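Input: a single structure, listed below in structure tokens.
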Amino acid sequence: MDAFVQYTLQGLAAGGFYALAALGLAVIFGALNVVNFAHGAFYMLGAVLTAVLLDVAGIGFWWSLLIVPVVLFGFGILVERVLVRWLLGFDNLYTFLLTFGISLVLVDIIKLRYGVSGLPYEQPAGLGGLLSIGPIQLPVYQLFVFVFSVAVCAGVWLLLAKTRVGMIVRAATEEPDRARALGINVSRWVTPVFGFGVALASLAGVLAAPFRAITATMGSNFIIILFAIVVIGGLGSILGAVVAGFLVGLVEAYGQGYASTFSQILIFILMAVVILVRPAGLFGRRESV
Amino acid sequence: MTRKSSSLVVGGITAAALVLTGCAGGPPAPDGSALSDGKVTIGILNDQSGVYRDLSGPNTRVAVDMAIADYREKYGDEAVATEIEVITSDHQNKPDVANTQAQQMYDRRGADIILDVPTSSAALAVAEVAAAKERLFINVTAATMELTGASCNPYTFHWAYNTEMLAKGAAGVVEDGGESWAIVYPDYAFGQGMNASFTAAVEAAGGEVLESIATPFPNDNFSTFITRAAAQDPDVIGIMAAGGDLINFVKQYNQAGMQESTTLAVGLMFITDIHSLGVDQFSGTTFTDAWYWNYDEQNREFADRFTQLTDTRPTFAHAGNYSAALQYLEAIQRAGTDDADAVIAELEGAELNDLFLRNGVVRSDHSVIHDSYVARVKAADDVEEPWDYEAIIATIPAEDAFSDVNPNCSM
């Protein structure tokens, strides 16, 4: 029983991280109808920039949580203005291929500059050690990632659902023509939303730096799991991404605990079952598929 | 043009080229036909862009070039290998790519030997090609026992290490009091081989393996596996992952506070792994090393030359490739020709010594045994200069470092 509770807590902790990492993917798809395959590369850039900031400028983890998303927000805007926007009107297969190409280029640039074995990063001060609750133990850092991720997910949801800016963004992306007719400058809002999604990816990268290998290819496998999450949750659905993130975290943890070699396959079995039963995903709108 | 006539033309061109190079310069070879196509071509086939790029990759070429320079300096005008060319190729760690690249290197690019070849499955593919083409293959960077076991052949040599040799260091850990083990290994050929070798070594030393846990490969999230291993309350947790997965594991292991209650033993570690994770995360970890750059004056001198050319310290794979290239050229020198069978005759049973091979012997199964080392990662405070990460705590003599001649090998 203790083991089950332990696995559950670890699954939830991992799930929070997955939810945050998948959130930007859902935001960008929901708003721009772009399947952003470069999401894993932006996640990787976030982690690499975190390590470089510490190494070169002595900027620690807490400041990185602020600086890295801001920098990558700017980078995301650049990518949208220079590349993505030209293909927005076409079938989303075009942007899928474009972002896939972008991710290959980014990964190779980082490989050339920093090699393949990765960059060192130390444990942020104050987040080391273990938290014991009876027989259950959880690393403090995992708990921090969980709380932080849940807070960010809730913040993003509030921003989009409850604020005026969120309403304009949703109107501009869901009903662009009607929004234009109401005097909203739609194209002005598309770019920052893309930048925002990229910033969210990089934020997950900052969180990953202390507990995952920081390498050029760290996002290449991760993106597959993230896609499984947004497909399970329903493409473009923010609530779906969060719920599916936790679901995948739990499935993975139980898999690791009870059927270790199947822990990753289980995620994709879950995905296949969801697609069979609900093709639009758990929270997806039918027309978004 | 028909196939027959085109091969005639190619033959003619080759003959003409032979005559030309014969006239072009260099001292006449002892019997006029010492080199198969007028030169010795050394092929390096490894990972130029993927996960093993840093530990072998382009810098292997630097090491091989150093071996060629040393050979030339030693023999000068007496050198049999008057002209030496180095060619490289990327096998992307895929056996099918390795197979076609190896065929191209032997057939079209005239390679007399292929060196390096990390990734066990790719190495086995190249061994097959080498046997079919009857050209040499010296593997340095793959770990599988198969190369000198069921898949052994007269043209393949295994130079640096293998899974059983890596497991020998485990005996030292058991003697130090680490009697009960939990092993975490990635569920593919390398991980399974490592798990078997380590389990055997721990049990032979009087220890006990409480649980072996298979993990998916590749894998980012090890937290539940670590919990499971810890639940057995072992003295030692052995991790058999390599590269990025190893770093994922160690970061999460340290975060779970495991280093206070258990010893971490790493199956296969290159110095580039320590460098990329940071020495403090690995401090106290014990592992078996085939070679360490700062072990003695001879190694250090080699490492300094290497660093001048690359800005990084050599891994044992780099030193192993230097040694393999050097001993290959020495064998050509003794044989007076680069004919594969003649060179193999010189290598078989040879006792070899260089900066990498200490008390090296080429065994009948073509496994090259040599002294190996039990290394412990230093504490951050003990590191005196960049890359000074290891303390060598014991030397394992060659005959103990490797198991007996593999009974599955017949050639």
Which residues, taken from the stretch B:344-366, are charged (D, E, K, R) and either modelled with pLDDT under 95 or part of a loop (DSSP other than H, G, I, E, B) (or both)?
-> B:GLU348, B:ASP354, B:ARG358, B:ARG363, B:ASP365
What is the residue count in the stretch A:261-285 for residues that are within 14 Å of chain B (Cβ to nearest Cβ) and either assigned to a loop (DSSP other than H, G, I, E, B) or surrounded by fewer than 20 Cβ atoms within 10 Å (Cβ to Cβ) (or both)?
-> 6
Residue list for the stretch B:143-172, filter: closer than 21 Å to B:LYS94 by Cβ, small (Gly, Ala, Ser) and crowded, with 24+ Cβ neighbours inside 10 Å = B:ALA143
Show the residue pairs that are 6+ apart or on different chains and have beta-carbon atoms under 7 Å apart, the first residue being within the stretch A:93-111 and closer than 15 Å to A:PHE29 by Cα, the second being of a type outside the set (Lys, Arg) and in a helix (DSSP H, G or I).
-> A:TYR94/A:LEU87; A:THR95/A:VAL84; A:THR95/A:LEU87; A:LEU98/A:VAL84; A:LEU98/A:LEU87
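Yes/no matrix, rows are residues, columns are (1) more than 26 Å from B:ALA242 (Cβ to Cβ); (2) part of a helix (DSSP H, G or I):
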{"residue": "B:VAL51", "(1), (2)": "no, no"}
{"residue": "B:VAL64", "(1), (2)": "no, yes"}
{"residue": "B:ALA81", "(1), (2)": "yes, no"}
{"residue": "B:THR88", "(1), (2)": "no, no"}
{"residue": "B:GLN103", "(1), (2)": "yes, yes"}
{"residue": "B:TYR106", "(1), (2)": "yes, yes"}
{"residue": "B:GLY110", "(1), (2)": "yes, no"}
{"residue": "B:ALA125", "(1), (2)": "no, yes"}
Positions within the stretch A:201-250 being of a type in the set (Gly, Ala, Ser) and surrounded by fewer than 24 Cβ atoms within 10 Å (Cβ to Cβ), in sequence order = A:SER220, A:ALA228, A:SER237
Index of the failed condition, B:ASN93 passing every other in (1) touching a residue at least 12 places away in the same chain (Cβ under 8 Å); (2) in a helix (DSSP H, G or I) | (2)
May I ask you to list pairs of residues, at least six apart or on different chains, whose Cβ atoms are under 6 Å apart, with the first in the stretch B:188-215 being not assigned by TED's automatic domain parsing to the domain that holds B:ASP235 and the second being of a type outside the set (A, V, I, L, M, F, W, C) and assigned to a strand (DSSP E or B)?
-> none
Kindly indicate which of B:GLU146, B:GLU134 is on the phi > 0 side of the Ramachandran plot, of a type outside the set (Gly, Ala, Ser) and assigned by TED's automatic domain parsing to the domain that holds B:ASP96.
-> B:GLU134
Among the candidates B:THR148, B:THR100, B:THR88, B:THR82, single out the residue that is over 14 Å from B:PHE190 (Cβ atoms), among the hydroxyl-bearing types (Ser, Thr, Tyr) and touching a His at 6+ places or on another chain (Cβ under 6 Å).
-> B:THR148
Name every residue in the stretch B:147-178 that is acidic (Asp, Glu) and closer than 27 Å to B:ALA325 by Cα, in order of residue number.
-> B:GLU164
Name the pairs: first residue in the stretch B:39-59 and more than 7 Å from chain A (Cβ to nearest Cβ), second residue β-branched (Val, Ile, Thr) and part of a strand (DSSP E or B), Cβ to Cβ under 6 Å, at least 6 apart or on different chains?
-> B:VAL40/B:ILE84; B:ILE42/B:VAL86; B:ILE42/B:ILE113; B:GLY43/B:ILE87; B:GLY43/B:ILE114; B:ILE44/B:THR88; B:LEU45/B:ILE114
May I ask you to verify whether B:THR144 is modelled with pLDDT under 95 and over 17 Å from B:ASP341 (Cα atoms)?
-> yes
Can you name the residue in the stretch B:66-79 that is in a helix (DSSP H, G or I) and hydrophobic (A, V, I, L, M, F, W, C) and is also nearest to the other protein chains (Cβ to nearest Cβ) among such residues?
-> B:MET66
When the stretch B:26-81 is examined, which residues are found to be modelled with pLDDT under 95 and aromatic (Phe, Trp, Tyr)?
-> B:TYR52
Total residues in the stretch B:183-229, condition more than 7 Å from chain A (Cβ to nearest Cβ), in contact with a Ser or Thr (Cβ under 7 Å, 6 or more places away or on another chain) and surrounded by fewer than 18 Cβ atoms within 10 Å (Cβ to Cβ) = 3
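Residue-wise test of (1) surrounded by fewer than 16 Cβ atoms within 10 Å (Cβ to Cβ); (2) in a loop (DSSP other than H, G, I, E, B); (3) modelled with pLDDT of 95 or more.
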position	(1), (2), (3)
A:PHE4	yes, no, no
A:THR8	no, no, no
A:ALA13	no, no, no
A:PHE42	no, no, yes
A:VAL52	no, no, yes
A:PRO69	no, no, yes
A:GLY76	no, no, yes
A:GLY101	yes, no, yes
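The values are calculated or read from the model by the stated rules, or taken from the named source; none is laboratory data. All of these numbers come straight from a predicted model, not from anything done at the bench. Positions of Cβ are generated from backbone atoms using ideal geometry, with glycine treated the same way; all protein chains shown enter the neighbour counts.
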